[in-house]
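Read through the structure below, which is laid out as structure tokens, and then see the notes.
Computed from the coordinates by the stated procedures, all read-outs in this text should not be read as laboratory data. Source: prediction; values computed, not measured. Here the Cβ is made from the backbone with ideal geometry for all residues, glycine too, and neighbour counts use every protein chain on show.
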Amino acid sequence: MSQTQTAATPDERVKTRSSFHQLLIRPELGGICGVIIVFAFFMLTAMDSGMFSLSGVMNWSVVSSQFIIIAVGACLLMIAGEFDLSVGSMIGFAGMSIALLSVTFGLPVWSAIILTFILCMLIGGLNGWLVIKTGLPSFIVTLALLFILRGLTIFGAITATNKTIVGGVRDVAQGDWLAPIFGGKVFTGAFQWMADQGWIDTFSRGVKKGQPIVEGIPMLMVWALGLVIFGHYLLTKTKFGNWIFAAGGDAQAARYVGVPVNRVKIAMFMFTAFCACVFATAQVMEFGSAGADRGVLKEFEAIISVVIGGALLTGGYGSVIGAALGAIIFGVVQQGLFFAGVESSLFRVFLGVILLLAVILNTYIRRKITGEK
Amino acid sequence: METPIIEMKNIQKHFGSVIALSGVSLSVYPGECHCLLGDNGAGKSTFIKTMSGVHQATSGEIFFEGKPMSFSRPREAITAGIATVYQDLAMIPLMSVTRNFFMGNEPTKKVAGISFFDHKKAADITMAEMKEMGINLRSPDQAVGTLSGGERQTVAIARAVHFGAKVLILDEPTSALGVRQTANVLATIEKVRKQGIGVVFITHNVNHAMVVGDRFTVLNRGKTLGTAKRGEIEADELQNLMAGGQELAKLEIR
């Protein structure tokens, strides 16, 4: 045993791998391919429909941004090894909370927003705490929260206002300092300038004559971009990101080397709630109202985006960029079918098919990475 | 005589009405490989978990570098320098070798006041440490899943050593491995021992123990059956002790 091999000679059994293979085992592969295919398809079928005019691009970009916002939260949580099925109900709950606090109870809009964020993140934390303390699968714990939150939202709306849709948020949000952070538009000056130069379409008659049809970049898109950058950096470039991978990869192994797994998981539940809350606030500010049935099925759409983006349902592997690409595919197809004049019910067929393909591809990629047979 | 790095005196551990350990003593000196042998259910796992802070002893004393010590959680034991490598929970297959190596101990650098995971430093250290242990990585981003069982154990051992382990507890590192891989892990143990680290090597394979062990302690039904030095005891004798004498005697009747 004394003659140990200190000199590292190249191992003849390790095959050198092509850079193509390196590319193949990136989690974003499915998302990149999907985006290319989807854009190619709609460029061929819906080029003349206005889908790729400025207002058309804005249309599907906004929808994609909505998906991205909830997908980033769901992605980090899934990599940390957990699910949150209460995202959709959380969106309804947060929106209703903002509308009731500001319109019905007369709080300033900024404080209604801040209180709602605190409340939602506490509920997110509760989700995490319950999952950790009970040791139950997050699937079941958050399924319970899905019903509890939805029920509370409807109950609250009915009790306080006798309605399930609470309007008038836009009026109370006039002049508020925080509301434009979620509902406003940026670069409006640049768009007006481009309109003045005749580069982009303007309204040709009516009170808005001369103003650009697309007034600016909605804050929703800024949030989406910001969350993707934040999520990507957090996951791949920080210490905490390594803990997220570790918590989802093997919680026990991570605990043995001192990773605070419980804290990581609870933080990710809270972050998911935060993302749901951003979505809800932007939606309420855009519509000027909150509905008790908002956000139905959003949790699944978020999870599907994440899976299309290459994350494994079992945790420990995935990418925020991939999830964002998945969300873009989602948004482009949903809106694109409308532009292409295709029956919109086919959207769900597409969804099911692409989900299935994504999961099969992901399983294959995982085998490649781990070298399983 | 130098002081042992860690000395466990008369450790008892009860789980409710079950007495898992009824007075086990063991000491580890720097640069020594102390083999802890015992059959399944002998209390090996309970004992090392007490040593590494996962369990707290019901009674008994623990001295770390001559000072009385009690660890209430694994993190405290790790900080003190007691590292444990568990057989199947050493590594996370989906993560890269580098990410695994620095899991829980990530090096950081500050950029504009924000602290980031220093990937370059981590990758360089990992490659160097792996080379030292005789493992050739394709790249520091290679997933641990592509490594063999023996290589995974080696990475885990290298990690523990790099982060300043004084005592390295190896929980059955060879029990699931083939002949060649076992030889590699035993070679790694030898390397670590030479660096002055005390190794506690848990196994129920007497042959593996005889290759690297300096002292041998046999556990049976929660009790120590004594500690023997290398050369004082034969493999057959250890095997008999592990099986508890009686059972083997019965077998011989046939």
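So here's what we get for this one:
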read-out: Estimated FRET transfer efficiency (A:LEU115, A:ASP201; beta-carbon r; R0 30 Å; 0.05); value: 0.15
read-out: Neighbour net charge for A:LEU76 - beta-carbon separation under 13 angstrom, K R +1, D E -1; value: -1
read-out: Label point distance in nm, A:MET47-B:THR3, each placed 7 Å from Cα along Cα→Cβ; value: 8.2 nm
read-out: B:GLU61-B:ILE114 FRET efficiency (beta carbon distance; Förster radius 45 Å; 0.05 resolution); value: 0.45
read-out: Most positive-pole-ward Cα, A:PRO27, B:MET91, B:GLY164, against dipole of the protein assembly as shown from beta carbon charges; value: B:GLY164
read-out: Sequence-distant aspartates and glutamates (8 or more away, or on other chains) whose Cα lies within less than 19 Å of A:LYS133; value: A:GLU82, A:ASP84, A:ASP250
read-out: Cα coordinate range in chain A, projected on the principal axes (Å, largest first); value: 88, 50, 37
read-out: Test item: Cα-centred dipole of chain A, Lys/Arg +1 and Asp/Glu -1 on Cβ, debye; value: 680 debye
read-out: Reference-scaled alpha-carbon Rg (2.2 N^0.38 Å with N residues) for the protein assembly as shown; value: 1.19
read-out: Label point distance in nm, A:ALA144-B:SER175, each placed 7 Å from Cα along Cα→Cβ; value: 3.6 nm
read-out: Reference-scaled alpha-carbon Rg (2.2 N^0.38 Å with N residues) for region B:101-163; value: 1.19
read-out: Most mobile listed residue (A:TRP243, A:TRP223, A:TRP193) in chain A, GNM with C-alpha springs under 10 Å; value: A:TRP193
read-out: Coordinate range along principal axes, alpha carbons of region B:95-217, Å, largest first; value: 56, 28, 19
read-out: At 1.002 mPa s and 20 °C, Stokes D of region A:35-87 from Kirkwood alpha-carbon radius, µm² per second; value: 164 µm²/s
read-out: Cα-based equivalent ellipsoid, region A:143-182: semi-axes from gyration tensor eigenvalues, Å; value: 26, 15, 6
read-out: Relative counts (whole %) of C-alpha pair distances in region A:49-131, using bins that are 10 Å wide; value: 15, 34, 29, 19, 3
read-out: Using distinct alpha-carbon pairs, which all enter the 1/r mean, Kirkwood radius of region A:165-312 in Å; value: 18.7 Å
read-out: Sorted by Cβ density within 10 Å, fewest first, the residues B:LEU26, A:LEU136; value: A:LEU136, B:LEU26
read-out: Listed peptides B:150-158, A:107-115, A:288-296 by packing density, highest first (mean Cβ within 10 Å); value: B:150-158, A:288-296, A:107-115
read-out: Relative contact order computed over chain A (Cα-Cα under 8 Å; 6+ residues apart), in percent; value: 35 percent
read-out: For chain B, alpha-carbon Rg relative to the globular expectation (2.2 N^0.38 Å, N residues); value: 1.07
read-out: Overall dimensions of region B:1-124 by Cα: Rg and Dmax, Å; value: 18.2, 57
read-out: Overall Cα dimensions of region A:267-373, principal axis frame, Å, largest first; value: 54, 41, 20
